[in-house]
Amino acid sequence: MSAKRWISFPKSEGEHSRQAHADLPSGTYEREMGKEGFFGPTCHFHHRNPPTGWTEFEGDLRPHAFDLNRLPSEAADPWGAARFVYNGDVQVRFWRCSKAMDHLVRNSDGDELLFIHEGAGDLYCDWGHLTYRDGDYIVLPRGTLWRVEPQQPTQMLLVEATEGSYQLPEKGLLGPQAIFDPAILATPQMDEAFRKQQGDIQTRVVVKRRGKLSTITYPYNPLDAIGWHGDLVAVRVNWRDIRPVMSHRYHLPPSAHTTFVGKNFVVCTFCPRPMESDPGALKVPFFHNNDDYDELIFYHRGQFFSRDNIKPGMATFHPCGFTHGPHPKALQAGAAATRKETDEVAVMIDARYPLEIAPMPADIEQREYVTSWQKKG
Ligand SMILES: [Fe+2]
């Protein structure tokens with residue numbers, strides 16, 4: 001195949017700002033249309049009306065807001081919690097676990113990323129013992145044997161990189177220590193707690209491969225390693241260790257908050273940060289269509305600054321082609337520059353190929369979400 005390049009060259013027409021996200025023509029709304037998430041060619045339109053100012057919206061291309069707090073997801077192991085959003089590259093589960101697992105699990109479909117929404121406890125895996133608390137991400141490479149012993153009732157998001165691996169984003173000009181220094185990644189230890197759980201205890205391992213479960217029973221606990229060496233290991237990092245990049249003069253796109261990269265999807269973390277202070281800089285996310293990507297955001301804590309009526313434990317889904325942006329109240333607050341900082345923590349999964357939504361009980365979904373961009377009162 002011959003070399004290729006984008007049909008991409010700078011052009012402009014009519015009244016427009018000199019740069020994206022700054023000094024917009026008075027009273028206009030900026031909408032970004034772009035390729036490949038926030039990495040390809042883009043165009044910024046200046047609209048007279050908000051791009052989300054619809055009065056009626058029919059058809060399948062609706063956004064969704066799910067209250068995962070209502071999802072029946074208490075289960076003896078993560079495979080008992082149904083995946084609620086998925087495609088061939090990524091599967092997302094929400095799992096509640098209050099009792100110590102009495103068996104081990106192994107995901108042979110892909111690497112597993114845990115995000116601890118609530119709770120604290122201990123995780124035991126091939127590499128040893130790792131404590132966990134709310135706000136932790138834990139990356140478990142495909143094939144890891146693991147189980148948890150909650151010290152507090154635990155809720156977690158599980159994000160499987162199906163047939164893929166988690167990697168760190170390329171940080172380019174920022175340098176490898178930016179956002180979080182890889183030196184902060186904690187690894188399991190072969191400590192006293194790990195040694196204590198070893199022994200000739202009959203142990204079941206429930207392995208997931210191609211979505212199907214198999215059970216392997218050992219006459220001993222197979223978490224019996226006495227040591228290890230190598231450059232593959234389970235890791236833990238908390239959002240509190242993330243030092244987000246921002247500019248006081250420019251609203252950075254979500255891609256600047258990428259924490260992990262899977263195959264055809266990314267996991268981004270929105271952490272507390274100061275708001276932009278430059279008078280001409282956009283203070284809220286720009287309107288966009290998610291061209292090329294499906295977007296799932298899980299709300300962990302704080303007040304999500306660009307959305308109304310969203311509380312911790314909820315998730316929103318914006319499919320490719322659905323124009324969205326700040327809710328009217330956030331837009332007003334942004335224009336008035338009333339907030340100096342954000343206090344939200346949210347996890348975004350941006351998938352290059354369409355995500356499917358699994359059937360869920362009716363009361364999980366906030367049906368009126370599509371109208372939440374309409375001005376009220
Ligand atoms: Fe978006």
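Phe94 fails exactly one of the following numbered conditions: (1) modelled with pLDDT of 95 or more; (2) under 30 Å from Val233 (Cβ atoms); (3) part of a loop (DSSP other than H, G, I, E, B). What is the number of that condition?
Result: Phe94 fails condition (3) only.
Taking interchain pairs and intrachain pairs at least six residues apart, which have beta carbon atoms under 6 angstrom, with the first residue in region 166-186 and closer than 13 Å to Val245 by Cβ and the second charged (D, E, K, R)?
Matching pairs, first to second residue: Ala178/Lys171; Phe180/Asp241.
If the Cβ limit is 8 Å and pairs must be 6+ apart or interchain, which residue in region 233-254 that is without any contact (Cβ under 8 Å) to a residue 60 or more places away in the chain pairs with which residue that is within 16 Å of the ligand (Cβ to nearest atom) and aliphatic (A, V, I, L, M)?
Filtered contacts from region 233-254: Met246/Leu252; Met246/Ala256.
Tell me yes or no: at least one residue of region 311-326 is exposed (fewer than 14 other Cβ atoms within 10 Å of the Cβ) and either away from the ligand (no atom under 15 Å from the Cβ) or modelled with pLDDT of 95 or more (or both).
yes
Consider only pairs whose beta carbons are under 6 Å apart and that are at least six residues apart or on different chains; among these, list those whose first residue lies in region 79-101 and is in contact (Cβ under 8 Å) with a residue 60 or more places away in the chain and whose second residue is of a type in the set (Phe, Trp, Tyr) and surrounded by fewer than 17 Cβ atoms within 10 Å (Cβ to Cβ).
These pairs meet every condition: Asn87/Tyr353.
Please tell me if Asp23 is more than 20 Å from Gly321 (Cα to Cα) and not small (Gly, Ala, Ser).
yes
Within region 327-341, track down each residue that is more than 16 Å from the ligand (Cβ to nearest atom) and outside any loop (DSSP other than H, G, I, E, B).
Once the filter is applied, which keeps residues that are more than 16 Å from the ligand (Cβ to nearest atom) and outside any loop (DSSP other than H, G, I, E, B), region 327-341 yields Pro328, Lys329, Gln332, Ala333, Ala335, Ala336, Glu341.
Tell me the strands (runs of 3 or more DSSP E) entirely within region 216-303 that contain at least 2 residues that are within 14 Å of the ligand (Cβ to nearest atom) and open to solvent by 20 Å² or more (accessible area, probe 1.4 Å).
265-270
The values are calculated or read from the model by the stated rules, or taken from the named source; none is laboratory data. From a predicted model like this one, the values you see are computed outputs, not experimental measurements. All Cβ positions, glycine included, derive from the backbone under ideal geometry; neighbour counts span all protein chains shown. The accessibility values were calculated without ligands, DNA or RNA, using every heavy atom of the protein model including side chains. Shrake-Rupley method; radii C 1.70, N 1.55, O 1.52, S 1.80 Å.
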